[in-house]
Amino acid sequence: MMHDALSLLRLYTEWGVDTAVTDHATDHRQSGAGAFRLPPAHAPRTPAPQPARTAAGAAGSTAAGRTGAPIPPTPVPPTTQGDGAALPSLGESIELARQAAAQATTLDALRHAMEQFGACSLRGTAMHTLVPSGPPNAPLMLIGEAPDADEDRSGLVFSGLCGTLLDTLLAPLPLERDQLALATALPWRPPGGRPPSDAEQRICLPFLQRAMTLLAPRRLVLCGRLPTTMLLGASTTPPRRDWAVLELPGHGSIPVIAMRHPLQLRASPTARREIWQTLMMVMKTLRDTP
C-alpha cells in the first residue's frame, strides 16, 4: 500500500499537480491569469543609427523607403558548378545576405529581398518564404524553429498545429496573438523537415536579425533550440530561468529568454510544466517593468 501511494505521488509530480483535488473542476491556467496586467505600451523607440554608406547606396535605400518600391535582387557572384549553375561560396553567401538584409527598410522590402535571394539553396526547395510579422515595439517577439510543413504550405508563421498550441498557451494570459511579433528562425523549410546545416543557419541569420531590428520588440522569447543556437551560440546555455542580454546589430541590447517550443506541449507533463513556468516568469516581468 505504501509503495502504491509513493508511486502515485511521483506520478502527480511528473504531471505538475500542486493542489488537492476539489469537488468542482478548476482550470488553474485561468485562476491566476487575472493577476497579470500589462503596463501601458511605451512610445515607439527610435532605431539606433545605421553605419554610414556610400552616397549611391544611401540614395537607393532612401528612395526605396520613401516610395515603397521593392529593392532589386542582390547580384550573386558566379562560381563554376557541375551543372553550370552559379553558386557563391559560403563566405560570399553570408556577405550577400548581410547586404540584402541591410538594404531593407520595411518588412515588405525584406520579404522581397528574401524572395529574390539566390545564394541559399533552401529558397529553391521551400514552398513559401516566411517573413516575421507583428506590430512594431511589441512587448514580446516569439521566434520559433525552422518552418514546419504547415507553415511552409500556408506561408504563415506559427500556423497549423503549432499555431493552435500557441493559442492554447496565450488563452489564459492578457496577450493576444496580434499583439506579438512572430518569426521562424529560418525563412525557408529545409527539405523533408531535416535539421538545417550550420551554413544554412549562418546565411539566414542576417535576415532574422534585420527583421528584429525593424520590428524593435521589447523582449525576445526563443522557442526551441534552433533560434537559441543561432542567436546566442551553440556553446551558450539556454537562459530558461532568467533573462539574458542579446546585442543586436543596429538595435542595441535586448532582453532574451529561452523556452520550449509550443509543439513540446505534447511531449510530456514535464515539458508542459516548464513551458508554463517560463510563461509565468515572462508575464511577471512584463507586468513589473515600467
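The values are calculated or read from the model by the stated rules, or taken from the named source; none is laboratory data. This structure is a prediction, so every number in the text was calculated from the model and none was measured. Please note: Cβ atoms are built from the backbone with ideal geometry, for glycine as well, and neighbour counts cover all protein chains shown.
Below, the figures for the structure above:
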{"quantity": "Thr164 being under 22 Å from Thr285 (Cβ atoms) and more than 16 Å from the chain's Cα centre (by Cα)", "calculated": "no"}
{"quantity": "Residues being outside any loop (DSSP other than H, G, I, E, B), within 18 Å of Thr184 (Cα to Cα) and β-branched (Val, Ile, Thr) - total across region 91-140", "calculated": "1"}
{"quantity": "Selection status of Ala199, at pLDDT 90 or above and at positive phi", "calculated": "no"}
{"quantity": "Failed criterion for Met259 (all others in (1) under 12 Å from the mean Cα position of the chain (by Cα); (2) closer than 29 Å to Glu95 by Cβ hold)", "calculated": "(2)"}
{"quantity": "Lone unmet requirement of (1) outside any strand (DSSP E or B); (2) touching a Pro at 6+ places or on another chain (Cβ under 9 Å); (3) closer than 14 Å to Ala146 by Cα for Arg218", "calculated": "(3)"}
{"quantity": "Search result, residues across region 181-208 that are closer than 14 Å to Leu130 by Cα and in a helix (DSSP H, G or I)", "calculated": "Cys204, Leu205, Phe207, Leu208"}
{"quantity": "Qualifying residue in region 67-90 (condition: of a type outside the set (Lys, Arg), modelled with pLDDT of 50 or more, part of a helix (DSSP H, G or I) and in contact with a Lys or Arg (Cβ under 6 Å, 6 or more places away or on another chain))", "calculated": "no"}
{"quantity": "Yes/no for Ala216 being buried (at least 19 other Cβ atoms within 10 Å of the Cβ), of a type in the set (Gly, Ala, Ser), modelled with pLDDT of 95 or more and within 16 Å of the chain's Cα centre (by Cα)", "calculated": "no"}
{"quantity": "Qualifying positions in region 132-170 - within 25 Å of Pro238 (Cβ to Cβ) and among the aliphatic types (A, V, I, L, M)", "calculated": "Ala138, Leu140, Met141, Leu142, Ile143, Ala146, Val157, Leu161, Leu165, Leu166, Leu169, Leu170"}
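Per-residue answers, yes or no, for (1) touching a strand residue (DSSP E or B) at 6+ places or on another chain (Cβ under 9 Å); (2) at negative phi:
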site	(1), (2)
Pro147	yes, yes
Thr168	no, yes
Leu173	no, yes
Leu182	yes, yes
Ala185	yes, yes
Leu215	yes, yes
Gly224	yes, no
Pro227	yes, yes
Gly233	no, no
